[in-house]
Amino acid sequence: MLDSPYLNQTEAAEFLRVVPRTLIRWEEEGRLKPFRPTKTKNRGGGIVLYRLQDLINFIEGGAAAKPTAAPKRGRPKKVEPQQQPTT
């Protein structure tokens, strides 16, 4: 598995001891950035590879491993329209 400097998504997930969906979530949060040798318009399809050194840095708490703020959930606050000043 470690013969190449790149790991596919399954290998990277096994290396980090997570499920592949976790890698996708971390990518969406900006915590990990995979290498995509094929260009696709959306995330679906194509080849996704992770640099072994990036994964090692992630484990060791490198710059890519800094947690990002989770998006707030729930209903957005209702905004009241402002009244126009009367002259």
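Close contacts from segment 4-24, counting a first residue that is under 13 Å from F35 (Cβ atoms) and free of Cβ contacts under 8 Å to residues at least 40 places away in the same chain and a second that is part of a helix (DSSP H, G or I) and not aliphatic (A, V, I, L, M), with Cβ to Cβ under 8 Å and a gap of 6+ residues or different chains, come to L23/Q9.
Within segment 36-57, residues that are in a strand (DSSP E or B) have Cβ atoms under 9 Å from residues that are of a type in the set (G, A, S) and at pLDDT 80 or above in these pairs: L49/A12; Y50/A12, counting only partners at least 6 apart in sequence or on another chain.
The values are calculated or read from the model by the stated rules, or taken from the named source; none is laboratory data. Not measured: the values here are computed from a predicted model. Virtual Cβ from ideal backbone geometry, glycine too; neighbours counted across all protein chains shown.
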